[in-house]
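Colleague: The structure under discussion is supplied below as structure tokens; questions concerning it will follow.
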Amino acid sequence: MEEKSVTGKFGRDLLRGSLDLMVLSVLAGERKYGYLIQKEVRAASGGRVELPAGTLYPLLHRLEDERLIKASWDDATGRERKWYELTAAGRKRLAAQAQEWADYAQCIRQLLGAARVEPAT
Amino acid sequence: MNSDDFESYLALLASLLRLDKSQQREIGSELRTHLEDRLEDLLASGVPRDEAIRRALAEFGDAAGLAAEFVSLSRNRKRRWLMRLASFSVAAMLLVAFGLITFWPGSNSGPGPAIVTAQAPPGATPPKPAAEAPHESPLAEKLNQRIDAEFVETPLTDVIDFLSQTAGIQMYVNRKRMEDEGVAIDSPITESLKRVRLATLLDLTLGELGLVYVEKDDFLVITTAADADATTEVRVYDCRDLLTMPGLPGEKKLEAPLPGTLPIVEGGMTGPAAPLSEHDRRAERLMNILKTAVDPNHWVDAGGVGTISEYNGLIVVSHSARTHAKVEKVLDMLRQAAGLEKPKAGVVK
């Protein structure tokens, strides 16, 4: 609702559809806690996607609710943290979504190519 | 970590999170670690402590907004269980399923449907009068379906989203007008009704907030009552069937030698007492019925905005969309009572 909730260099509408996928893909490796996920999304996107806590945590809780990720608490890092990891369903969803995004991007590229639309920059 | 700002932010957040205690604690401590991590990073990069605290909190966003996100998240969880479609057809189920799928963007079947959706509105809407799509249930039918509603302090915007998806009706919310008149889009709604018609549910839910819904093409516009009443549109109702239907046996004799009296027409400006034909008398009566049965205070002669006139059995009404809907309903009821068929193109909008 507020403009600040997802900032970065992409349009808000464009981003909204892909936040879940971003988080799932960051979790594809080892388990991570919220702050780490935020940092990795920022780094992996070359600083172009910033996931504020106000967006990230509700999103994580929703994914947990949908059983795509599961969480556990421990203090392995010297601080009690909530760690998230993909479930089997999450892994399947990630693979399916990644495929769809690849197809989608390909399709858009073709459309833009056919229409001879050149990126502005 | 014992800055006052920090602690009061977390305390505020905790109190705003109207969740059960264990959830509150969990979310609270998860967010606290996040803030602490961020603060450490900022301090490590040489940002002075005060500035670091300020920045960490600012990045977090306002506690109220964040708390609202969590609360609505947990409410959605409950809502999913509480709300079910009581009477649904396969089509309605598909609509719900489709609604859910579209929530997951770029969804299952990839680019295909996305493109179809993008093309549908401009292409499909204009040829509507040709009635090319009989399989598509019209708005009225969708508004007639019955659902179970169980809202507990649910924000209006969630209620609308839910109903829109459940019923397969697009709903446009006039946020600007609502803001202007001080109606919050997230006003909490509490409603518990079994097998209620969607139209009734909307009337009740929106009515409490001084809002109304107006049918527009094949979607609903949700706005304030004042806004809805201020915009008038002209519609033509074909009432030739109602005006030519056989009258009561006793009434027949009036038809032939009608005297020059003006029995019913109040305010009729027929100066030289031109004899009214049976047709005119009936038309005048019908218009009076409409004016008394439908929003009696909203017609021009009562200081309102609506006008009504008749030409050759066609009744021309200029009024708000809401009143039009009621006019249409009364005419339908009259036809039903008289055993008349609903005309194919009864209303021209």
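The values are calculated or read from the model by the stated rules, or taken from the named source; none is laboratory data. Note that the structure is a prediction, hence the values are computed from the model and not measured. Cβ: placed from backbone, ideal geometry, glycine included. Neighbour counts: every protein chain shown. For the accessible areas, the whole protein counts, side chains as well, though only heavy atoms, and no ligand, DNA or RNA atoms are used. Shrake-Rupley method; radii C 1.70, N 1.55, O 1.52, S 1.80 Å.
Colleague: Can you spot a residue in segment A:54-70 that is hydroxyl-bearing (Ser, Thr, Tyr) and at pLDDT 85 or above?
Modeller: Yes.
Colleague: Would you please list the contacts, defined by Cβ atoms under 9 Å and residues six or more apart or on different chains, that run from a residue in segment B:49-68 that is more than 10 Å from chain A (Cβ to nearest Cβ) and more than 11 Å from A:Ala53 (Cα to Cα) to a residue that is modelled with pLDDT under 80 and surrounded by 20 or more Cβ atoms within 10 Å (Cβ to Cβ)?
Modeller: Pairs that qualify, where the first residue is more than 10 Å from chain A (Cβ to nearest Cβ) and more than 11 Å from A:Ala53 (Cα to Cα) and the partner is modelled with pLDDT under 80 and surrounded by 20 or more Cβ atoms within 10 Å (Cβ to Cβ), are B:Ala64/B:Leu13.
Colleague: Here is a follow-up. Quick check on B:Leu220: is it touching a strand residue (DSSP E or B) at 6+ places or on another chain (Cβ under 8 Å) and modelled with pLDDT of 85 or more?
Modeller: Numbers: touching a strand residue (DSSP E or B) at 6+ places or on another chain (Cβ under 8 Å): yes; modelled with pLDDT of 85 or more: yes.
Yes: the conditions hold for B:Leu220.
Colleague: If you don't mind, another one. Checking B:Ser107 against (1) modelled with pLDDT of 50 or more; (2) farther than 17 Å from B:Ile222 by Cα; (3) of a type in the set (Ser, Thr, Tyr), only one condition comes out false. Which one?
Modeller: Every condition holds for B:Ser107 apart from (1).
Colleague: Just checking, which of A:Arg93, A:Arg67 is touching a residue at least 12 places away in the same chain (Cβ under 8 Å) and at positive phi?
Modeller: Details: A:Arg93 fails: at positive phi.
Result of the check over A:Arg93, A:Arg67: A:Arg67.
Colleague: Right, something else. Only one of (1) surrounded by fewer than 18 Cβ atoms within 10 Å (Cβ to Cβ); (2) of a type outside the set (A, V, I, L, M, F, W, C); (3) more than 19 Å from B:Val214 (Cα to Cα) fails for B:Asp332. Which number is that?
Modeller: (3)
Colleague: Please count how many residues of segment B:288-346 are over 25 Å from B:Ala225 (Cβ atoms) and under 22 Å from the mean Cα position of the chain (by Cα).
Modeller: 0
Colleague: In this structure, does A:Arg48 turn out to be modelled with pLDDT of 85 or more, surrounded by fewer than 18 Cβ atoms within 10 Å (Cβ to Cβ) and over 20 Å from A:Tyr84 (Cβ atoms)?
Modeller: Criteria met by A:Arg48.
Colleague: Scan segment A:1-42 residue by residue and report those that are within 9 Å of chain B (Cβ to nearest Cβ), at pLDDT below 70 and open to solvent by less than 80 Å² (accessible area, probe 1.4 Å).
Modeller: A:Glu2, A:Ser5, A:Gly17 - these are the residues of segment A:1-42 that are within 9 Å of chain B (Cβ to nearest Cβ), at pLDDT below 70 and open to solvent by less than 80 Å² (accessible area, probe 1.4 Å).
Colleague: Being open to solvent by 80 Å² or more (accessible area, probe 1.4 Å), more than 26 Å from B:Asp332 (Cβ to Cβ) and without any contact (Cβ under 8 Å) to a residue 12 or more places away in the chain is the requirement here; does B:Glu179 meet it?
Modeller: Working: open to solvent by 80 Å² or more (accessible area, probe 1.4 Å): yes; more than 26 Å from B:Asp332 (Cβ to Cβ): yes; without any contact (Cβ under 8 Å) to a residue 12 or more places away in the chain: yes.
Yes.
Colleague: Name the pairs whose Cβ atoms lie under 7 Å apart, with the first residue in segment B:147-165 and farther than 16 Å from B:Asp186 by Cα, the second open to solvent by 20 Å² or more (accessible area, probe 1.4 Å) and in a helix (DSSP H, G or I), and 6 or more positions between them or separate chains?
Modeller: B:Glu150/B:Leu82; B:Gln165/B:Val96
Colleague: Something else about it: Could we say that B:Asp241 is in contact (Cβ under 8 Å) with a residue 60 or more places away in the chain, in a helix (DSSP H, G or I) and surrounded by 15 or more Cβ atoms within 10 Å (Cβ to Cβ) here?
Modeller: Judged against the criteria, B:Asp241 is a match.
Colleague: Residues to consider are A:Lys92, A:Lys82; find the one that is open to solvent by 50 Å² or more (accessible area, probe 1.4 Å) and within 13 Å of chain B (Cβ to nearest Cβ).
Modeller: Going through A:Lys92, A:Lys82 in turn, the sole match is A:Lys92.
Colleague: If we scan segment A:71-79, do we find a residue that is within 17 Å of the chain's Cα centre (by Cα) and either assigned to a helix (DSSP H, G or I) or within 12 Å of chain B (Cβ to nearest Cβ) (or both)?
Modeller: yes
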